[in-house]
Amino acid sequence: MHMENPLCHKVREAVRRELCNAPGCHDFDHTERVLRNAEMLAEFELKPEDSRSFLAVSLAALLHDIARPEEMKSNGKICHAQAGYGKAIRFLRECGCGDEELIQLVANAVKRHRYRGKDQPENLIDKILYDADKLDSIGAVGIGRAFHFAGRIGARLHNPAEEAVAGEAYGREDSAYREYLVKLRSVPERMLTVSGRAAAAERAEFMHEFFRRLCEESGVK
């Protein structure tokens, strides 16, 4: 990990302070898991001598959710990825980064990590960050996050697939199972790197078995 790099250390502490009141699904623990995922993928995807790209990946992972507080306060009207572009630039400069090319690499990865509209991942740094973030939404951690969110909004513990899919976001039927059916089971198909697809396939298999077992035990399918 690049925490021995003074810039990474400063950015990490700044992000930790910024996200200290964020909910569990997108708190600083999530940021650190995405950082771990990103650095794992980078080991497979980047050339060993490309230290600049390794640094950019680490910084982008640390900053990818930096504008989550703004998105939450606006009830989703502000896109955290788009707002994160300018905020990432400001944080990097305030932490002493004077390398404008590096700043743009990192900020663009932050802006593109949501893969919506015109802001789609373009280079390998963007794709590694996108995959690293998506990996945290599946597998054992993904199951935990899905139930955490469902509990926060007062959704049912489990519901039939038909009711789950027909339910509205943030409503009573917006269960962890709904999140799995509507979004999470298709994550492996959307991965952008070879190593990301391999990691996602293994996590998705575990997740599929969990929800199969949940349906079996609850008698609800």
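Tell me whether segment 189-211 contains one or more residues that are surrounded by fewer than 19 Cβ atoms within 10 Å (Cβ to Cβ), over 23 Å from residue 30 (Cα atoms), modelled with pLDDT of 95 or more and not aliphatic (A, V, I, L, M). The answer is yes, given that some residue of segment 189-211 is surrounded by fewer than 19 Cβ atoms within 10 Å (Cβ to Cβ), over 23 Å from residue 30 (Cα atoms), modelled with pLDDT of 95 or more and not aliphatic (A, V, I, L, M). One residue stands out among those in segment 190-219 that are farther than 21 Å from residue 113 by Cβ and free of Cβ contacts under 8 Å to residues at least 12 places away in the same chain: the one that is nearest to the chain's Cα centre (by Cα), which is 205.
Every test in (1) in a loop (DSSP other than H, G, I, E, B); (2) in contact (Cβ under 8 Å) with a residue 24 or more places away in the chain; (3) buried (at least 21 other Cβ atoms within 10 Å of the Cβ) is passed by residue 158 save one, and that test is (3). Considering every residue within segment 148-155, establish whether at least one is part of a loop (DSSP other than H, G, I, E, B) and buried (at least 21 other Cβ atoms within 10 Å of the Cβ). Yes, segment 148-155 has at least one match.
Taken together, the residues in segment 20-40 that are modelled with pLDDT of 95 or more and outside any helix (DSSP H, G or I) amount to 0.
Restricting attention to segment 168-189, the residues being farther than 21 Å from residue 114 by Cα and free of Cβ contacts under 8 Å to residues at least 12 places away in the same chain number 1. The number of residues in segment 120-133 being surrounded by fewer than 24 Cβ atoms within 10 Å (Cβ to Cβ) and either under 19 Å from residue 66 (Cβ atoms) or touching a strand residue (DSSP E or B) at 6+ places or on another chain (Cβ under 9 Å) (or both) comes to 2. The sole residue among 171, 96 that is in the same structural domain as residue 13 (by TED's automatic domain parsing), part of a loop (DSSP other than H, G, I, E, B) and over 21 Å from residue 38 (Cβ atoms) is 96. In the condition set (1) in the same structural domain as residue 193 (by TED's automatic domain parsing); (2) under 23 Å from residue 78 (Cβ atoms); (3) at pLDDT 95 or above, residue 147 is compliant with all but (2).
Taking the criterion of being part of a loop (DSSP other than H, G, I, E, B) and surrounded by fewer than 23 Cβ atoms within 10 Å (Cβ to Cβ), the residues of segment 41-66 that qualify are 46, 47, 48, 49, 50.
For segment 68-91, a residue qualifies if it is small (Gly, Ala, Ser) and within 13 Å of the chain's Cα centre (by Cα), and exactly one does: 81. Among the numbered conditions (1) loosely packed, with under 15 Cβ neighbours inside 10 Å; (2) without any contact (Cβ under 8 Å) to a residue 24 or more places away in the chain, the only one that residue 24 does not meet is (2).
Quick test of your reading of the structure: residue 100 fulfils all but one of (1) out of contact with any Cys (no Cβ under 9 Å at 6 or more places or on another chain); (2) in contact (Cβ under 8 Å) with a residue 12 or more places away in the chain. Name the failing condition by number. Going through the list (1) out of contact with any Cys (no Cβ under 9 Å at 6 or more places or on another chain); (2) in contact (Cβ under 8 Å) with a residue 12 or more places away in the chain, residue 100 breaks only (2).
The values are calculated or read from the model by the stated rules, or taken from the named source; none is laboratory data. Please read these numbers as outputs of a predicted model, since none were measured by experiment. Every residue, glycine as well, gets a Cβ built from its backbone with ideal geometry; the counts of neighbours run over all protein chains shown.
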